[in-house]
Structures are given as C-alpha cells and as structure tokens.
1. Could you work out how far apart the two model spin labels at Ser11 and Leu70 are, taking each label as a point 7 Å from the Cα in the direction of the beta carbon, and quote it in nm?
2. Provide the net charge surrounding Met56, with neighbours chosen by a C-beta distance below 11 Å and charges set as Lys +1, Arg +1, Asp -1, Glu -1.
Amino acid sequence: MVSKCANPACSERFLYLHQGKLFHLTPTPEVEAAEGESSSALYERFWLCDQCCKKMTLVWGGTTAKLAPLPTEPVAQPSAIPANVGTRGEPRRRAATARSQRR
C-alpha cells in the first residue's frame, strides 16, 4: 500500500491520484525466472509527491526501487527532417506573392 512519498527524505503523505506520480515497477526477467511462482510478490507500486517527481524518478534495481535524479537540462533531439523539406518529404515551395508592376 502506498502511504507516503518514496523519497525517504520527504514526509509528504499520499492522498490523491492527481498529485505526484505513481510508479508500477516490475522485476527484471532474470529475477522473475529465479523466483518462479513467487515473482508476483516483487511487483511494487511507489509514489513520488509533486515536489520530488520534478527532481527525481524511480528505477527498478532488480529487487528494490532506487531513486535516480532527473537530468537538469532537456536532451536535445536532432531534427530528422531538414529545414528545406516538407513533412511529406518533398522540397518546400515558396508561396507566391503579389507584386505591383509599374511601367
């Protein structure tokens, strides 16, 4: 049963599903194979409060959950589509502009 934040340094109590982040962690395939029928007991649920889930996440360490810090800066993903190519893969065309011609 989840009753408080999974961060041992935090004493925030679990009250509502819309606050914080719930984690359902499962054992690794190696642990499941070793445990056999009793591996269902290793499935755990954890909760991080609003403040803690902004700074850290939970990862499965095989038999226990471990806190891991979130990266401080977002990882930039390189663009797969060049700037001069449209979303369908064809070259972008410039829109026609109306020009007044003076003679």
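1. Between Ser11 and Leu70, the simple spin-label model gives 2.5 nm.
2. Taking every other residue near Met56 into account, the sum is +4.
Readers should treat all values here as calculations from the given coordinates under stated rules, not as data from a laboratory. Just so we're clear, the structure is a prediction, and the values are computed from it rather than from any experiment. Glycine gets a Cβ as well: all are built from the backbone with ideal geometry, and neighbour counts include every protein chain shown.
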